[in-house]
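Undergrad: This is the structure I want to talk about, given as structure tokens.
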Protein chains: 2
Amino acid sequence: MQIFAVIMAGGFGTRFWPASRKTLPKQFLPIGGKRALIAETAARLKGLVDPEHTLVVTGRDHVALVRKFLRKVPPENVLAEPCGRNTAPCVAWAAAELERRGGTSVQIVLPSDHVIQPARDFRKLLRAACEEALETRALCTLGVRPSFPATGYGYIEAAEELGKRSGAAVRRVARFVEKPDRARAEEFLASGRFFWNAGIFVWRTDAILAAMELHARDIVTAVRGIRSAADAERIYPTLPSAPIDVAVMEKADNVRVLPIEFTWSDVGSWAALPEVVPADAQGNFASGGASVLAHDSTGCVVHGKAGEIVALVGVKDLVVVRAGKALLVMPRERAQDVKHVVTRLEREGPTFL
Amino acid sequence: MQIFAVIMAGGFGTRFWPASRKTLPKQFLPIGGKRALIAETAARLKGLVDPEHTLVVTGRDHVALVRKFLRKVPPENVLAEPCGRNTAPCVAWAAAELERRGGTSVQIVLPSDHVIQPARDFRKLLRAACEEALETRALCTLGVRPSFPATGYGYIEAAEELGKRSGAAVRRVARFVEKPDRARAEEFLASGRFFWNAGIFVWRTDAILAAMELHARDIVTAVRGIRSAADAERIYPTLPSAPIDVAVMEKADNVRVLPIEFTWSDVGSWAALPEVVPADAQGNFASGGASVLAHDSTGCVVHGKAGEIVALVGVKDLVVVRAGKALLVMPRERAQDVKHVVTRLEREGPTFL
């Protein structure tokens, strides 16, 4: 039995402007570290999955970046989406591709732009999930133990424990829940039964394809027809845009959850950097290699390149990001408002996007 | 009678870091405008003093910058100080140089790094001062009508009016006063008799040399010996460091003041930019050519190059300066604290100075 990784790298969000651009989305940035997030994602699997068994699904325009950051992944393992269709078509295409390659395989399907530490604990949990998936044909997902009543994540309600794999509790999934309001998030947190949905899945190729045949037959039938870039160009745009959670996971009856009990962050915005970067002596958070010189300043998130310096005097809890010819300054609590800047730039200054 | 300008460009302050560097002091920066302050200073005199009659006294290391920004000033008019000795030796050297060139001359002595608007009103006042200086041999100074009880400037106490020149009141100077504390500054403001000392002087060459012979004989004797760069190297370091105000003006008995009733700023720090830059529609102040994209942000001072963009989200009254590989963020009210950053960089990051 061979373990494959399917790295989903189709995102092109704007929340990390100005470091992220249309031509350089978040997964290709060294957010919180020295290497691009996608490179960290692949490196984190080292010893469990080798590059020859790693598939990457990405946007057509980002294939060159994937090749740049994952030099050891064979070119034929990079699947280029002609357009974004969310995760269900992406998962289906990767599964159909592995089906064509033959043999029994277990897949680890995961986003390219999360931070998870320590890698050793993550691999151990993935191994447990692989065992579970291989032996039971269940669709496994990893759930993050909530640390606060987050309203920005979907939740997974866990039911009874079915057993342990390498020390990790494997529980039946009762249901998937969309992002809750604050009151429900607090209930979820208090109950102890709910996990954040991290979008990380482990399953046998034959199991996910069987589930898709039941719940998303059109998609799986279509992607089985993709044998070339020309096929993808023709077929992919005809697929519905749907997340795998909604298209399959919520409907399937053999879903399991294993708990991530270590550091996980989807690093959703600049404000999330303190989740993944250690504070320096003054309590500021530097990312990307820039030096910070803080005088009477604390709680600031700074991103810039090595060889650059950001001097802070008498400021608190600011985000300061420098990238190319653009610079962004805002309070951490306003990090979601980057979208307003991006919207205005689309009208007034597209060269900065 | 020929009017000369003596532009004092020996400053090398740190208050405009990171835009200003040891190799690029404030007078060579386009602060608040598109051209370097020294270029604006020369341009402001256009029609009153031509480049052939402009002398510039600057640090040895900055001669090339002076030549770059004042291309029409003849090379022999740039006096290179081997070391800084404040304004008395600077003024004396320029006067001795003009004395050697012969003829009756009136000099306008002025700093290279102030902003004064409108230029037409400034020239009109300078003409009046030149008339006064030529005819009475008085040492004239321009005083700025105080708009608030500033503690950062020296003051000039004016005595009785002696007459008018082109509509400007010429008053005898009772005394020069060092920077006052807040209470005295308020008294000065209320009295109506006090002006800020702008460091701008108008006098006949023979008159200032005569005054220096009385009050600063060592300096004037020494600088008369400077005929070459080698002479300057040898003689200049032996001179005392003293401001012309203290060395001569406070002691002379024929001092006059004419009032600057228009916009004057010595642009003492980033926080002073709003004095010389118009606010944009959101109430922010951009300098140096950078574009500002403000979302829910006001009162910010931004300096950067043309082609750069600074996006502000939800911030107020910040200074944001980008220059080369360095960036500075601080509240406007903390602008004086740039010195702490510079001090630390001297120890930790001299490449950024």
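The values are calculated or read from the model by the stated rules, or taken from the named source; none is laboratory data. Because the structure is a prediction, the values reported are computed rather than measured. Ideal geometry is used to build each Cβ from the backbone, glycine not excepted, and the neighbour counts take in all protein chains shown.
Undergrad: Would you say A:Ala232 is in a helix (DSSP H, G or I), more than 22 Å from the chain's Cα centre (by Cα) and crowded, with 20+ Cβ neighbours inside 10 Å?
TA: Judged against the criteria, A:Ala232 is a match.
Condition check ((1) modelled with pLDDT under 95; (2) closer than 21 Å to A:Gly225 by Cβ; (3) touching a Cys at 6+ places or on another chain (Cβ under 6 Å)) across all residues:
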{"site": "A:Ile31", "(1), (2), (3)": "yes, no, no"}
{"site": "A:Ile38", "(1), (2), (3)": "no, no, no"}
{"site": "A:Val57", "(1), (2), (3)": "no, yes, yes"}
{"site": "A:Leu65", "(1), (2), (3)": "no, no, no"}
{"site": "A:Pro75", "(1), (2), (3)": "no, no, no"}
{"site": "A:Ser105", "(1), (2), (3)": "no, yes, no"}
{"site": "A:Ile108", "(1), (2), (3)": "no, no, no"}
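Undergrad: Please indicate, with yes or no, whether at least one residue in segment B:82-99 is among the aromatic types (Phe, Trp, Tyr) and part of a loop (DSSP other than H, G, I, E, B).
TA: No, segment B:82-99 contains no residue that is among the aromatic types (Phe, Trp, Tyr) and part of a loop (DSSP other than H, G, I, E, B).
Undergrad: Exactly one condition in (1) without any contact (Cβ under 8 Å) to a residue 12 or more places away in the chain; (2) crowded, with 18+ Cβ neighbours inside 10 Å; (3) of a type in the set (Lys, Arg) is false for A:Arg171; which is it?
TA: (1)
Undergrad: Among B:Val66, B:Val56, which is out of contact with any Gly (no Cβ under 8 Å at 6 or more places or on another chain), in a helix (DSSP H, G or I), under 26 Å from B:Asp245 (Cα atoms) and not basic (Lys, Arg)? Spell out the reasoning first.
TA: On the way: B:Val56 fails: in a helix (DSSP H, G or I).
Exactly one of B:Val66, B:Val56 is out of contact with any Gly (no Cβ under 8 Å at 6 or more places or on another chain), in a helix (DSSP H, G or I), under 26 Å from B:Asp245 (Cα atoms) and not basic (Lys, Arg), namely B:Val66.
Undergrad: I would also like to ask the following. So which residues in segment B:200-244 are free of Cβ contacts under 8 Å to residues at least 24 places away in the same chain and of a type in the set (Val, Ile, Thr), if there are any at all?
TA: Once the filter is applied, which keeps residues that are free of Cβ contacts under 8 Å to residues at least 24 places away in the same chain and of a type in the set (Val, Ile, Thr), segment B:200-244 yields B:Thr221, B:Ile235, B:Thr238.
Undergrad: Residues B:Val223, B:Val255: which one is more than 30 Å from B:Ser20 (Cβ to Cβ) and surrounded by 21 or more Cβ atoms within 10 Å (Cβ to Cβ)? Please lay out each step first, then the result.
TA: Values: B:Val223 fails: more than 30 Å from B:Ser20 (Cβ to Cβ).
Answer to the check: B:Val255.
Undergrad: Continuing with the same structure: Consider B:Lys339 carefully, then state whether it is basic (Lys, Arg), within 26 Å of A:Trp17 (Cβ to Cβ) and within 13 Å of chain A (Cβ to nearest Cβ).
TA: In short, no.
Undergrad: Further question: Among the residues of segment B:324-336, how many are more than 8 Å from every other protein chain (Cβ to nearest Cβ) and of a type in the set (Val, Ile, Thr)?
TA: Counting residues in segment B:324-336 that are more than 8 Å from every other protein chain (Cβ to nearest Cβ) and of a type in the set (Val, Ile, Thr) gives 0.
Undergrad: I'd like to verify a number: residues in segment A:312-323 that are facing chain B (nearest Cβ under 7 Å), without any contact (Cβ under 8 Å) to a residue 40 or more places away in the chain and in a strand (DSSP E or B), how many?
TA: Residues flagged as facing chain B (nearest Cβ under 7 Å), without any contact (Cβ under 8 Å) to a residue 40 or more places away in the chain and in a strand (DSSP E or B) within segment A:312-323 amount to 4.
Undergrad: Could you grab me the full set of residues in segment B:120-141 that are surrounded by 23 or more Cβ atoms within 10 Å (Cβ to Cβ), closer than 10 Å to B:Arg256 by Cβ and not small (Gly, Ala, Ser)?
TA: If the condition is that a residue be surrounded by 23 or more Cβ atoms within 10 Å (Cβ to Cβ), closer than 10 Å to B:Arg256 by Cβ and not small (Gly, Ala, Ser), then B:Glu132, B:Leu139, B:Cys140, B:Thr141 are the ones that fit.
Undergrad: Identify the single condition in (1) over 20 Å from B:Phe28 (Cβ atoms); (2) assigned to a helix (DSSP H, G or I); (3) away from every other protein chain (no Cβ under 11 Å); (4) out of contact with any helix residue (DSSP H, G or I) (no Cβ under 8 Å at 6 or more places or on another chain) that B:Trp264 does not satisfy, given that it satisfies every other one.
TA: (2)
Undergrad: Check off (1) in the same structural domain as B:His340 (by TED's automatic domain parsing); (2) under 23 Å from B:Ala159 (Cα atoms) for B:Ala286 and give me the number that stays unchecked.
TA: (2)
Undergrad: Within segment A:227-247, can you find the residues that are over 28 Å from A:Ala119 (Cα atoms) and of a type in the set (A, V, I, L, M)?
TA: A:Ala229, A:Ala230, A:Ala232, A:Ile235, A:Leu239, A:Ala242, A:Val246, A:Ala247 - these are the residues of segment A:227-247 that are over 28 Å from A:Ala119 (Cα atoms) and of a type in the set (A, V, I, L, M).
Undergrad: Is there any pair linking a residue in segment A:292-311 that is more than 8 Å from chain B (Cβ to nearest Cβ) to one that is crowded, with 22+ Cβ neighbours inside 10 Å and among the basic types (Lys, Arg), with Cβ under 8 Å and at least six apart or on different chains, and which?
TA: Taking only residues 6 or more apart or on different chains, the pairs are A:His303/A:Arg322; A:Lys305/A:Arg322.
Undergrad: Which count do you get for residues in segment A:100-116 that are within 14 Å of the chain's Cα centre (by Cα) and in a strand (DSSP E or B)?
TA: Total meeting the criteria: 6.
Undergrad: Of the conditions (1) touching a helix residue (DSSP H, G or I) at 6+ places or on another chain (Cβ under 6 Å); (2) modelled with pLDDT under 95; (3) more than 8 Å from chain A (Cβ to nearest Cβ), B:Phe352 fails just one. Which one is it?
TA: It fails just one condition, (3).
Undergrad: May I ask you to list the residues in segment B:324-350 that are surrounded by 20 or more Cβ atoms within 10 Å (Cβ to Cβ), among the small types (Gly, Ala, Ser) and not in a helix (DSSP H, G or I)?
TA: Residue satisfying the conditions is B:Ala326 alone.
Undergrad: Taking interchain pairs and intrachain pairs at least six residues apart, which have beta carbon atoms under 7 angstrom, with the first residue in segment B:26-46 and closer than 20 Å to B:Val63 by Cβ and of a type in the set (D, E, K, R) and the second in a helix (DSSP H, G or I) and at pLDDT 95 or above?
TA: B:Lys26/B:Leu37
Undergrad: Report those strands (runs of 3 or more DSSP E) wholly inside segment A:136-208 carrying at least 3 residues which are small (Gly, Ala, Ser) and assigned by TED's automatic domain parsing to the domain that holds A:Phe122.
TA: Answer list for segment A:136-208: A:155-165, A:168-177.
Undergrad: Given the criteria part of a loop (DSSP other than H, G, I, E, B) and within 14 Å of chain B (Cβ to nearest Cβ), does A:Ala271 qualify?
TA: In short, no.
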